[in-house]
1. With unit charges on the beta carbons (Lys and Arg positive, Asp and Glu negative) and the dipole taken about the Cα centre of the stretch 55-120, which residue among Ala115, Val65, Leu88 sits farthest to the positive side?
2. Which label belongs to the value computed from this structure, given these candidates for percent of Cα pairs over 19 Å apart: (1) 41; (2) 52; (3) 59?
3. Any chance you could give the angle, 0 to 90 degrees and rounded to 10, that helix 102-119 forms with the longest Cα principal axis of the chain?
4. By how many degrees, 0 to 90 and rounded to 10, does the Cα axis of helix 15-25 deviate from the longest principal axis of the chain?
5. In the structure displayed, which of Lys64/Lys119; Lys7/Lys119; Lys7/Lys30; Lys7/Lys45; Lys64/Lys109 lie more than 24 Å apart, Cα to Cα?
Amino acid sequence: MQFIDGKTVRHVCEFNSLVAYLEDCHRQPKAILEDMLLRDPRDGKSDVFFNRAAWQPGEAAGIKVITVFPDNPSATPPRPNIQAVYVLMDGQTGAPLAAIDGTESTYWKTAADSARGAKQ
């Protein structure tokens, strides 16, 4: 299994190719999706831990794990308030293939989805 950090995500992503890839993905059969959301109910904090899992049987399965900790930017040292990791699994064997910086990949996917939507 490999780890793909944010610097590598930025290096390998080519924006126009990503937009075209997402257009193709949206024409494929829908994946099975499931979400889980947990909130910290103590002392009125709004810290959140959640995930989004997707599975295309026989193709791939993955889960994006996200945390939202609003107080992080004011900590010493400051930390991002939203952080994520994506774990990709082989859809035939279930074997883990990669752990990917989910924060950086989300920036790219969100921008590419916006560009795709603007084209239509």
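1. Highest projection toward the positive end goes to Ala115.
2. (3)
3. That helix lies at roughly 50 degrees to the long axis.
4. 70 degrees
5. Result: Lys64/Lys119; Lys7/Lys119; Lys7/Lys30; Lys7/Lys45 exceed 24 Å.
Read-outs: derived from the displayed coordinates by stated rules, not from any lab. For clarity, every value in this text was computed on a predicted model and none was experimentally measured. As a convention, Cβ positions derive from the backbone with ideal geometry for all residues, glycine included, and neighbour counts pool all protein chains shown.
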